[in-house]
Amino acid sequence: MADNSPSGPVEVGAAMDYREHEQTYSGFLALAKYGTLFCVALLVFMAFFFFATSGGFVNLLFSLVLGGVVFVAGAIALR
């Protein structure tokens, strides 16, 4: 079998591009924050749309506005 273990010291390795690493990590954090915020706003929308007693267009409009307010307020808070 082939021996794939490193033969040199552990400290020696490929040069890391730390700036690119930090940009990728920041992008991941932003995606996680705003993705979670979108899911929360969607749940608020669905809760008010599906369980409200008023009917039709008024219910849809109220649910959209409320979900939008939750999303905008969360986006401002997450900055």
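List of remarks:
- Counting the residues of the stretch 55-79 that are among the small types (Gly, Ala, Ser) and surrounded by 11 or more Cβ atoms within 10 Å (Cβ to Cβ) gives 6.
- Residues within the stretch 28-45 that are within 14 Å of Gly67 (Cβ to Cβ) and in contact with a helix residue (DSSP H, G or I) (Cβ under 8 Å, 6 or more places away or on another chain), tallied: 7
- Test for Ala75: is it under 16 Å from the mean Cα position of the chain (by Cα) and at pLDDT below 95: yes
- Filter result for Ala41 (surrounded by 13 or more Cβ atoms within 10 Å (Cβ to Cβ), of a type in the set (Gly, Ala, Ser) and at pLDDT 90 or above): yes
- Residue list for the stretch 13-62, filter: hydroxyl-bearing (Ser, Thr, Tyr) and either outside any helix (DSSP H, G or I) or more than 17 Å from Ile76 (Cα to Cα) (or both): Tyr18, Thr24, Tyr25, Ser26, Thr53, Ser54
The values are calculated or read from the model by the stated rules, or taken from the named source; none is laboratory data. As the structure is a computational prediction, the values presented were derived from the model and not from experiment. We place every Cβ from the backbone using ideal geometry, glycine too, and count neighbours over all the protein chains shown.
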